[in-house]
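What follows is a short report on a single structure.
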Amino acid sequence: MLLWHMGIAVLIMYVTIGRRRVDYRYVLLGAVLPDLVDGVLHLAGVFDGPAGRWVAHTLLAAMVVAVVILLGFKAERRLQVFGVFVGWLLHLVGDGMWSAPKTFLWAAFGTGFATEPREPYSWDLVTDPLSHLTTWGGELAGLLILLWFFVAFRLGADDRLGLFMKDGYLRP
């Protein structure tokens, strides 16, 4: 669910922080990274977890990302890139990872990962979409949130989208 994670992350950021010096590009990136990281690790054969959520869906992984950002970047750049960590955490919120504490709080409960709830990605999403209405509903909600941001901040006017792509700021 990429659009769901992107939409909910920018919405929560906007409602809580607003437009103040937040680089939304990095928040959007961080919002999809846990699924991308676990997906790449799965394709590489590193893991074949039953729920599809592995190390990138842990609080420990998010903390490692935060430490790398804090130690690896300086001043203004650190503030920009810190959005990756915030987006990563908001991804975990969007997935409701607290319902899988064995994964979310890994390795506090051992080295195994939760088997439920399962990641909704499979060919069934396409071949039998009616049995995945909550997944498609989440994607639709995320798309609508992103469209609202596009319209509300007039990203289609003048070169506002280009400016957003350069610095990630939402202008009034």
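The values are calculated or read from the model by the stated rules, or taken from the named source; none is laboratory data. Since the structure is predicted, the reported quantities are computational estimates derived from the model, not experimental observations. In this analysis, Cβ positions are derived from the backbone assuming ideal geometry, glycine residues included, and neighbour counts consider all displayed protein chains.
Those helices (runs of 4 or more DSSP H) of region 121-168 in which 3 or more residues are modelled with pLDDT of 90 or more and under 19 Å from the mean Cα position of the chain (by Cα) occupy 133-152.
From the list Leu60, Leu90, Leu29, Leu41, the one residue that fits, being free of Cβ contacts under 8 Å to residues at least 60 places away in the same chain, buried (at least 18 other Cβ atoms within 10 Å of the Cβ) and assigned to a helix (DSSP H, G or I), is Leu29.
Among the conditions (1) at pLDDT 80 or above; (2) part of a loop (DSSP other than H, G, I, E, B); (3) surrounded by 13 or more Cβ atoms within 10 Å (Cβ to Cβ), Arg118 misses just one, which is (1). Residues in region 1-26 that are in contact with a Gly (Cβ under 9 Å, 6 or more places away or on another chain) and either of a type in the set (Asp, Glu) or in a loop (DSSP other than H, G, I, E, B) (or both): Met1, Val22, Asp23.
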